[in-house]
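Remarks on the structure that follows.
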Amino acid sequence: GAGVSQSPSNKVTEKGKDVELRCDPISGHTALYWYRQRLGQGLEFLIYFQGNSAPDKSGLPSDRFSAERTGESVSTLTIQRTQQEDSAVYLCASRQSPGLAGSASTDTQYFGPGTRLTVL
Amino acid sequence: AQTVTQSQPEMSVQEAETVTLSCTYDTSENNYYLFWYKQPPSRQMILVIRQEAYKQQNATENRFSVNFQKAAKSFSLKISDSQLGDTAMYFCAYPGGGGSEKLVFGKGTKLTVNP
């Protein structure tokens, strides 16, 4: 079956412009995650969706960052008034089970190929 | 704070030899999973292997195996018969808990397999 897809693959923008990054999760996966990966670093969690709601937004670095998910499918990450420090690869992942608080995850997160964002 | 430490920023190995990548983590959870992901230059994060913390037996997947020491919170990855295609960044990760099961990642180890 199809994996997680993301678009665009690369995005170059000017400082101060808004950008939208798209993620199409694996069909039927209820959990969706956004991560950011700065050059030479590991992944940093941004936001988690369970269905269309976002119970964990603790990783969003500022109010310039927002995300939404519709139809328990596609998600969009929006960065307003981009800054040079926003330059990074933005990765999306999806997982089948929602997980329960206090219990161990039993399903693996599957990642998309990422969007490389460059802010000039 | 929950953390994952990969103490080897870079490693190299000759083709067909064995290499071990180290990972330590810090969690107060008792039941959890641990993951190793591979990220080649294409950027695609690929699951290499996962370990269930409540299982004493170390996970194996073909040439990949782990040495899981729960008490020491250590989770190393062993790659046997290294191949050129194993050249990549390797990340250790575990769910941060709190219900979202967001993954907490180490900073990665860059592995180069030399011919």
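What follows draws every value from the coordinates through simple rules; no lab data is involved. Values in this document were obtained by computation on a predicted structure and should not be read as measured data. Quick reminder, even Gly has a Cβ in these numbers, built from the backbone with ideal geometry, and neighbours come from all protein chains shown.
When B:LEU47 is tested against (1) more than 11 Å from chain A (Cβ to nearest Cβ); (2) within 10 Å of the chain's Cα centre (by Cα), only condition (1) is not met.
Residue count for region A:35-67 satisfying the condition of being within 11 Å of chain B (Cβ to nearest Cβ) and touching a Ser or Thr at 6+ places or on another chain (Cβ under 7 Å): 5.
Of a type in the set (Ser, Thr, Tyr), part of a strand (DSSP E or B) and in contact with a strand residue (DSSP E or B) (Cβ under 7 Å, 6 or more places away or on another chain): is that true of B:SER76 in this structure? It would help to see each step written out before you state the result.
On the way: of a type in the set (Ser, Thr, Tyr): yes; part of a strand (DSSP E or B): yes; in contact with a strand residue (DSSP E or B) (Cβ under 7 Å, 6 or more places away or on another chain): yes.
It is true that B:SER76 is of a type in the set (Ser, Thr, Tyr), part of a strand (DSSP E or B) and in contact with a strand residue (DSSP E or B) (Cβ under 7 Å, 6 or more places away or on another chain).
In region B:10-36, the residues that are within 27 Å of B:THR112 (Cα to Cα) and touching a residue at least 60 places away in the same chain (Cβ under 8 Å) form Cβ pairs under 6 Å with partners that are aromatic (Phe, Trp, Tyr) and surrounded by 15 or more Cβ atoms within 10 Å (Cβ to Cβ), at six or more places apart or across chains, as follows: B:LEU21/B:TYR90; B:CYS23/B:PHE75; B:TYR25/B:TYR94; B:LEU34/B:PHE75; B:LEU34/B:TYR94.
Residues of region B:97-115 that are facing another protein chain (nearest Cβ under 7 Å), assigned to a loop (DSSP other than H, G, I, E, B) and either touching a His at 6+ places or on another chain (Cβ under 7 Å) or crowded, with 20+ Cβ neighbours inside 10 Å (or both): B:SER100, B:GLU101, B:LYS102, B:GLY106, B:GLY108. For region A:11-29, the set of residues classified as under 20 Å from B:ILE46 (Cα atoms), within 14 Å of chain B (Cβ to nearest Cβ) and more than 11 Å from the chain's Cα centre (by Cα) consists of A:ILE26, A:HIS29, listed by residue number.
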